[in-house]
Structure formats: structure tokens, C-alpha cells
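S.K.: Before we start, here is the structure in question, set down as C-alpha cells.
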Ligand SMILES: *Cc1c(COP(=O)(O)O)cnc(C)c1O
């Protein structure tokens, strides 16, 4: 059964570069299915993703769905913790590493639950950036020495809960975002008589490259400048509370593409740590925030969706930089904390959807000439007589010209609908001939651009706005591939459009073996079989950033565990939103809707426009809809 193919000559790898971005998580099986590999046991056979979907369908869990793979999550938690442990050992670093997971990156209960469970051996903690996130953190069975780091803007309520939680043995740290926040902390301290455990958030001046450059540097929103830090230290001293300042925090950014940016920023953070220590603050933890990236494209470059380093390299750089800075200043090594979110959860979820239908911009049906054809229609049809590799561009020019003329004639009423339809059909036939010939010639840029205009539109059963918001908002690229037939060369190219009625709801940027492409190679649809496409590495940020555009709600979610024998366990299932649920999010009471619909029926019946018999069918249709899935079923 183990059918992982690593041969780059298979269509899957030479087209989709699955071997490049798939890491140790996905591979192509001999039967052409995409397989999920167990990174915790590389010798275990891959599990076919289409067969998992089939199995879930039988249990009533349909696409579109988010599939979370626990084994992937466990593996990335292990990787980051063990990577730091290795670096600490190799460098001879004199203290520990403690990771915290920033809840905002994926707040879903099932995800946090797994993270807490898998993280326990590593005393993995949580980072809360808001009151609700702190409430989540305090409900988790964390290890006793795990940290809870409170970032973000905090009011007295937030601070009170953070301070009081320490009485329960939670290791909660309040990171001061501004001097003003210190006023609130001091007031709550007065009120409770309990000392807080404090940190300061330092604004680094180093600019980080990449998509999130704005979260670094002088103008970044969070953190304190030198003058504010001095102010906080002085006021803590005056209040006799400087001994509470144990923690220094900086968030380096997100998806940092270049490891040298990490090194520079960590070096700067260390300078603050040294200076604050010299000011008398008994700092014990240096928190370097998030930023560890994911190689979405597998290119290993500093482009926005890639990174030029491994987790091992990241942790080695962090540990070495901190060790060097502390040794130079003759300061004991602090506990190193990081808040990696994306790198921990992104790879563990995928979005799987089916293709509903295709709009094609070509046709292999020849249209025989007719006697009463307009002469432009005949001219258009004549193009196929001289169509060949040498005259490709000329044929495209001619076809475009005649079609444009015919459309103009149609608009003015000189040719009828049937004549125009014949012209369009001939045009589509020419385009499919051109597509056939084009790859042989090694095309000119104009021809390429024209061919991209001829890509199919595959209409897919998902909402970009709900499930892949970063693709819409910030041009995030997720690896996307068909989940079946990967041993067969794809014969079409398509742009993916979603099920919302919004022309923005489409994907036209794909990572392929030869770079970023505006269309995805796909197979012709077989009306008998579901054709599935997967969007990978969607575990970070996507689930809660998504919105209800067109009232498409949360998709179904299934959490699975990969077993060593090539099978899987369904760990948890979460049904997607029903229509009643999404209606209630936008202030409707579904019961009122049902009542209003029923009243309308009764009115029609009483005014004799409707049979009493029809009442049942109508009510059932309305009820079925309101209780159903928001996506195409
Ligand atoms: C968002 C955030 C993180 C997570 O960043 P990633 O790039 O996902 O690792 C960590 N810390 C803070 C303070 C954040 O705001």
C-alpha cells in the first residue's frame, strides 16, 4: 500500500511541485491519490486523502470541509520544542526554552485542546491578546510551569483576572504595552494587595521585510520606545515594585522571510534586555514573539510566501544570538520564550472542496459551414485552414478581429442570435486548436497572455471570504492541488471561482513547479465522479478571520489522527453552520422567519389562491432549507 512516489517525473511533482512544498506531510500515491504521511512515523504508509473523504461522506460529513490532522499538529509542536532543545545543547546555553501559543492564530477549542495536550511535556503555554483569550487560557489544564503571557490592550478587569489567576498556580505575566497601562496595574495592585508578574513590550527599530513589515519598526503599533521604558522603570522603582519586572517581550513580525532579519531583531532585543537588567530589573525571560515562517511555496527564498531557513536554523540563530549578547554583557542566560503561531498550526489544516461545474472557453466540436453564413462567419471558419505553429499569433489576431466585427453586427441587429451563436462556437473550436498547438512552439508572451484568458473557470463549493480570507485580502498563496488523478497529466488549466456571488471570489495565483501561475492545471471533469481540490496549510489565521459574505457559514470540520497502518481515526467532528445559525448571526430569529413564511401561506390559502394540500410541501421545503448546510449539497 505504501505508494509514495518521489520521482519528479510524475505529473504531480513536475507540475505541482508537491515534493517541494509537501515536506514530510503529503505525497503522491501510486494510484494517483494525494496521500497524507505521518510525520511522527515516516515508515508508516501514506493515507489516501480521497479515501478519507469518501469515508467521511459515508458518515455524513461532506465537503466543503476543513480537515485537521492531529498528527501534523503534534509533529510541529515537537519540532519547534526539540529544535530549541537541540540548539540549547549544542550552544551550551545555560537556561531553558519555553514556547507559548498565541491563541489568536487559531482559537478553535479543538485546536487549543490538542495544543495543550501535545504541548504538556514541553510545558507549552499560551499567549492571550484579549480578555476572551485569557478566559480561554485559564480554562486549560496547562503544565504548572507553563506560561500565560498577556499582551494587547488591557483594562482593569483583564489585569485583575491576570493577577488573581496566579493564586491558582497559573504562571501569568502581564506585559505592559504602554506607560498608561502601568497606572491601571498599580491601581489594581492597590485594590487587591497582590503583586503582579510584569513584563514590558519593547518596540524594536529594526524593520523586518515581507508581508508584515508594518508590524516592525518605529511606526509599529505596539511596544514602548526607550523614553517610555525608562519612565516605566522609574515608576516601578518609586512604587517599590521593580522586582516584579521579570519579562521582556518583543514581537518580531509575522512570516519573516529572511532569517537574517530574525538575527538582527533578536540582537536588538538583547540590547534592551541587557540595559534593563543594568537598570536593576531582575529580568528572567526574554520573549521574542512570533514570526517563524512557513514555506507555503516550498521555494526556500525570501519571497513573501516563502522562507529561506528551517526551524532548526531559526532556533540555532536565536539561541546563539542571545547567548553571545548575554555573555558579552556578563549577564546570566534568560529563559528564551517564543510565540510562534503560524509555524505551529498552519500545516495542520487543509480545506477540501469539490468542483461543481466548469465554464470552458474552448470547444472541440467543429461547426460545419452553412450556406447562409455571413461572410465574416465564413472568414472566421476559414482560419482553421491556415492554423499552424508558425502562424499562431496571426490566427489569434484574425479570430479576435472577426469575432469583434460579428459582435458589433449583432448589437446593431444585422445578424441574428443563431448566426452569432455559430460564430461563437467556431471561435471556441479555434481556441481549442490553438491550445493544442501552443505548447509545441514555446509561445510568445502575447500568445501566453491570450491563452491565460482561455483558462477554464472551475466553479468550486467553498467561499473564499469564509475559508481563505488571506487569499482575498493579502494575496496569500496556499499550495492547491487536485486530490486525485495525480498520476495522470492534467489536460486543462483553470481559475477557481467560489460559490459566492462576488467577482472577487476567485483564485488565480497558484504555486507550480515552474513558479507562480495565474491558472491551475486540472483534469477534465467527469460528471459521474466528485473532483476534489485541496488548499493546504490553512490552519493559521484563516478560520476566524473569515466572514459571512453571502451568508456562507463555517464549513464542516473533521479532526483525524493518522494511524501507523495507513488508516485513520476520526477524533472529532464539528458540523458547519446551518442556515438558521448564520441567520441568527445577522439579527434574524429563524423562528420568526418560519412564522412569517407560514403566515404568508395561510393568507394565500384563506384567499383561495393556494390549496391546503400545498401547505405541507411548502413548509417542508422552507424548513429543510433553514436547517441545512449553507453550501451546495
Ligand atoms: C500574532 C502574534 C504572534 C504570532 O505570530 P506568528 O507570526 O503567527 O508566529 C505572536 N505574538 C504576538 C504578540 C502576536 O500579536
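S.K.: Please report Rg over Rh for the chain, where both radii come from the alpha carbon positions and Rh follows the Kirkwood definition.
M.R.: 1.06
S.K.: Find how many whole Å separate the alpha carbon centroid of the stretch 141-220 from the alpha carbon centroid of the stretch 597-633.
M.R.: Distance between centres, Cα-based: 54 Å.
S.K.: Another one. Pairs of alpha-carbon atoms within less than 8 angstrom and 6+ residues apart define the contacts here; what relative contact order does the chain have, in percent?
M.R.: 16
S.K.: Dividing the alpha-carbon Rg of the stretch 386-516 by 2.2 N^0.38 Å yields what? Before the final figure, lay out the partial values.
M.R.: Values: Rg = 18.1 Å, N = 131, 2.2 N^0.38 = 14.0 Å.
That works out to 1.29 for the stretch 386-516.
S.K.: Quick check: residue separation of residue 508 and residue 209 times 0.36 nm, minus the Cα distance between them. What number comes out in nm? Don't skip to the end; give the middle numbers.
M.R.: Values: separation 299, 0.36 × 299 = 107.64 nm, distance 2.46 nm.
In short, 105.2 nm is gained.
S.K.: Could you sort 353-366, 492-505, 617-630 so that the peptide with the highest average Cβ count within 10 Å comes first and the rest follow in order? Could the numbers behind the result be given before it?
M.R.: Working: 353-366: 15.4, 492-505: 18.4, 617-630: 13.9.
Answer by packing, highest mean first, reads 492-505, 353-366, 617-630.
S.K.: Tell me, what is the FRET efficiency for residue 155 and residue 569 to the nearest 0.05, using R0 = 35 angstrom and their Cβ-Cβ distance as r?
M.R.: 0.25
S.K.: Average projected area of the Cα convex hull of the stretch 445-485, in nm²?
M.R.: The orientation-averaged projected area of the Cα hull of the stretch 445-485 comes to 4.6 nm².
S.K.: Right, here's the next one. Would you mind pulling out the separation of the Cα centroids of the stretch 519-564 and the stretch 431-477, in Å?
M.R.: Using only Cα atoms, the two centres lie 19 Å from each other.
S.K.: Same structure, new question: Which FRET efficiency, nearest 0.05, do residue 597 and residue 301 yield, Cβ-Cβ r, R0 56 Å?
M.R.: Numbers: r = 56 Å, r/R0 = 1.00.
That gives a FRET efficiency of 0.50.
S.K.: Next up: Beta carbons within 10 angstrom, averaged per residue: use that to sort the peptides 220-232, 328-340, highest first. Could you put the intermediate results ahead of the total?
M.R.: Details: 220-232: 16.5, 328-340: 18.7.
The densest-packed peptide leads the list: 328-340, 220-232.
S.K.: Taking Cα pairs under 8 Å and at least six residues apart, what relative contact order does the stretch 95-340 come out at, in percent?
M.R.: Values: 482 pairs, mean separation 44.0, N = 246.
Normalised by residue count, the contact order of the stretch 95-340 is 18 percent.
S.K.: Between residue 358 and residue 632, what's the calculated FRET efficiency when r is the beta-carbon distance and R0 is 22 Å? Round to 0.05.
M.R.: 0.90
S.K.: Let me ask something else about it. Could you tell me the relative contact order of the stretch 437-541? Use alpha-carbon pairs under 8 Å, at least six residues apart, and round to a whole percent.
M.R.: Values: 140 pairs, mean separation 32.4, N = 105.
Reported relative contact order: 31 percent.
S.K.: When DSSP assigns beta bridges and you keep just the ones with both residues in the chain, what percent turn out antiparallel, to the nearest 5?
M.R.: On the way: 37 of 73 bridges.
Bridges in the chain are about 50 percent antiparallel.
S.K.: Tell me, in nm to one decimal, what length is gained between residue 545 and residue 14 on full extension, where the rule is 0.36 nm per residue of separation less the Cα-Cα distance?
M.R.: 187.8 nm
S.K.: Obtain the radius of gyration and the Kirkwood radius of the stretch 95-340 from its C-alpha atoms and give Rg over Rh.
M.R.: 0.95
S.K.: How do 317-326, 145-154 rank on mean C-beta neighbours within 10 Å, highest first?
M.R.: 145-154, 317-326
S.K.: Would you work out if the stretch 1-126 is rounded, prolate or oblate? Take a ≥ b ≥ c from the square roots of the eigenvalues of the alpha-carbon gyration tensor; rounded if a/c is under 1.5, else prolate when a/b is larger than b/c, oblate otherwise.
M.R.: Oblate, because a/c is 1.5 or more while a/b does not exceed b/c.
Values in this text are rule-based calculations from the coordinates and carry no lab data. Computed from a prediction, not measured in an experiment: that's the story for all the values here. Cβ atoms come from the backbone with ideal geometry, glycine included; neighbour counts cover every protein chain shown.
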